[in-house]
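Visitor: Sending over a structure as structure tokens; questions will come in a sec.
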Amino acid sequence: MSAKPLDGKVALVAGATRGAGRGTAVQLGAAGATVYATGRSTRGHRSEYDRPETVEETADLVTAAGGHGIAVPTDHLEPDRVRALVERIDAEQGRLDILVNDVWGGEGLFAWDKPVWEHDLDDGLRLWRLALDTHAITSHFALPLMLRTPGGLVVEMTDGTAEYNGANYRNSYFYDIAKSAVLRMAFTLGHELGPRGATAVALTPGWLRSEMMLDAYGVTEENWRDATERAPHFAISETPSYVGRAVAALAADPEVARWNGRSLSSGRLAREYGFTDLDGSRPDAWRYLVEVQDPGKPADTDGYR
């Protein structure tokens, strides 16, 4: 078996500046793919997040991992910019095999447990535009290029499985609807792409040790377990590389069409494909939430990672 199962494959990771998008871009690169990494935070200009991570840094990490990283600063709310991005991929590669719709940008726009009539309306509507319009705009322009080559894969990155989100209130009206709508995007794309030779799935990481999450707890990846003193259930958390390895495993699976239209998690796919997180563990966060955290049991990851 090839050490680089995605050699010759071309991926677009929309929203690759940080978090799950960066982790996915790097792991696709580690599997040998050429990865176009997009985002709004560049070395010359920060987005409203005002964070240090840049899309150019992500591309460099992709190349360092063994792939070919190409940074293309892009605001996916601007159709002309997205059209130009896809035209560039077509001109340079002539194909697109993997599309990861990971644009989000809503961390500062939703208020926890605040009902719709108390929630800031402008923030909520902006969250929806960032979380939903970006995915639709990107799919609109990118999928015709993908469909030229049989076997393409679309990954709609979200928070929560269809089963979990269907039974649980997720933080606020605007957040809940955004994350559930992305799940439905994968379902509907599955119906539209399946007969045309491509596959769409929804994918969720578990409790993600993103750059922003680590900063929120005042820890780094090296000492992240210190955060469990403040949040014991953080013990089930995972790196962005874990969900990235899930995407890479899907993209390398010749039978990936069996997942078409379905809702998946990093933990479930780790069991299916045998990959691990960077520390060799296999966290299964969504099973843990249902069986340990939500019932109010003491934090104990035994049997869950």
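The values are calculated or read from the model by the stated rules, or taken from the named source; none is laboratory data. These figures come from a predicted structure and were not determined experimentally. With ideal geometry, Cβ positions are generated from the backbone for all residues, glycine too; neighbour counts draw on all protein chains shown. Each accessible area value is taken on the protein alone, full model and side chains, heavy atoms only, with ligands, DNA and RNA left out. Shrake-Rupley method; radii C 1.70, N 1.55, O 1.52, S 1.80 Å.
Visitor: Looking at (1) among the acidic types (D, E); (2) outside any loop (DSSP other than H, G, I, E, B); (3) under 22 Å from A16 (Cα atoms), which is the only condition E221 fails?
Guide: E221 satisfies every listed condition except (2).
Visitor: When you scan the range 200-215, how many residues do you find that are in a loop (DSSP other than H, G, I, E, B) and either open to solvent by 30 Å² or more (accessible area, probe 1.4 Å) or touching a residue at least 60 places away in the same chain (Cβ under 8 Å) (or both)? Working first, answer last.
Guide: So the first thing to find is which residues in the range 200-215 are in a loop (DSSP other than H, G, I, E, B), and the list is 205-207, 209-210.
Keeping just the survivors that are either open to solvent by 30 Å² or more (accessible area, probe 1.4 Å) or touching a residue at least 60 places away in the same chain (Cβ under 8 Å) (or both) gives 205-207, 210.
Going through the range 200-215 one residue at a time, the tally reaches 4.
Visitor: Which of the residues that make up the range 106-131 are in a loop (DSSP other than H, G, I, E, B), open to solvent by 50 Å² or more (accessible area, probe 1.4 Å), over 25 Å from F187 (Cα atoms) and not aromatic (F, W, Y)?
Guide: Within the range 106-131, the subset in a loop (DSSP other than H, G, I, E, B) is 106-120.
Next, from what is left, pick out any that are open to solvent by 50 Å² or more (accessible area, probe 1.4 Å): 107-108, 112-114, 116-118, 120.
Still in the running and over 25 Å from F187 (Cα atoms): 108, 112-114, 116-118, 120.
G108, D113, K114, V116, E118, D120 - these are the residues of the range 106-131 that are in a loop (DSSP other than H, G, I, E, B), open to solvent by 50 Å² or more (accessible area, probe 1.4 Å), over 25 Å from F187 (Cα atoms) and not aromatic (F, W, Y).
Visitor: Determine whether the range 167-174 contains at least one residue that is open to solvent by less than 60 Å² (accessible area, probe 1.4 Å), out of contact with any helix residue (DSSP H, G or I) (no Cβ under 6 Å at 6 or more places or on another chain) and of a type outside the set (S, T, N, Q).
Guide: Taking the range 167-174 as the starting set, the residues that turn out to be open to solvent by less than 60 Å² (accessible area, probe 1.4 Å) are 168, 170-172, 174.
Pick out the ones that are also out of contact with any helix residue (DSSP H, G or I) (no Cβ under 6 Å at 6 or more places or on another chain) and you get 168, 171-172.
Then drop every residue that is not of a type outside the set (S, T, N, Q), which leaves none.
No: the range 167-174 contains no residue that is open to solvent by less than 60 Å² (accessible area, probe 1.4 Å), out of contact with any helix residue (DSSP H, G or I) (no Cβ under 6 Å at 6 or more places or on another chain) and of a type outside the set (S, T, N, Q).
Visitor: Using beta carbons and a limit of 9 Å, which pairs, at least six apart or on different chains, have the first residue in the range 132-158 and buried (at least 19 other Cβ atoms within 10 Å of the Cβ) and the second one charged (D, E, K, R) and in a strand (DSSP E or B)?
Guide: So the pair list comes out as H135/E156; S139/E156.
Visitor: For the condition in a loop (DSSP other than H, G, I, E, B) and either of a type in the set (S, T, N, Q) or under 19 Å from A20 (Cα atoms) (or both), what is the one hit in D279, D300?
Guide: Details: D300 fails: either of a type in the set (S, T, N, Q) or under 19 Å from A20 (Cα atoms) (or both).
Criteria check complete, one pass: D279.
Visitor: Take the range 216-241 and flag every residue that is open to solvent by 70 Å² or more (accessible area, probe 1.4 Å), free of Cβ contacts under 8 Å to residues at least 12 places away in the same chain and either touching a helix residue (DSSP H, G or I) at 6+ places or on another chain (Cβ under 7 Å) or more than 22 Å from T24 (Cα to Cα) (or both). Working first, answer last.
Guide: If we filter the range 216-241 for residues that are open to solvent by 70 Å² or more (accessible area, probe 1.4 Å), which is where we start, we get 222, 225-226, 229-230.
Restricting the remaining residues to those that are free of Cβ contacts under 8 Å to residues at least 12 places away in the same chain gives 222, 225-226, 229.
Passing the criteria: R225, D226, E229.
Visitor: Do the conditions hold for R148, that is, is it modelled with pLDDT of 95 or more, closer than 21 Å to L250 by Cβ and touching a strand residue (DSSP E or B) at 6+ places or on another chain (Cβ under 8 Å)?
Guide: Values: modelled with pLDDT of 95 or more: yes; closer than 21 Å to L250 by Cβ: yes; touching a strand residue (DSSP E or B) at 6+ places or on another chain (Cβ under 8 Å): no.
When the stated conditions are applied, R148 does not pass them.
Visitor: Taking H135, is it part of a loop (DSSP other than H, G, I, E, B) and either at pLDDT 95 or above or touching a Pro at 6+ places or on another chain (Cβ under 6 Å) (or both)?
Guide: On the way: part of a loop (DSSP other than H, G, I, E, B): no; either at pLDDT 95 or above or touching a Pro at 6+ places or on another chain (Cβ under 6 Å) (or both): yes.
Spelling it out, it is not the case that H135 is part of a loop (DSSP other than H, G, I, E, B) and either at pLDDT 95 or above or touching a Pro at 6+ places or on another chain (Cβ under 6 Å) (or both).
Visitor: Name, by its number, the condition in (1) modelled with pLDDT of 95 or more; (2) under 25 Å from T239 (Cα atoms); (3) in contact with an Asp or Glu (Cβ under 7 Å, 6 or more places away or on another chain) that does not hold for L77.
Guide: For L77, the exception is condition (2).
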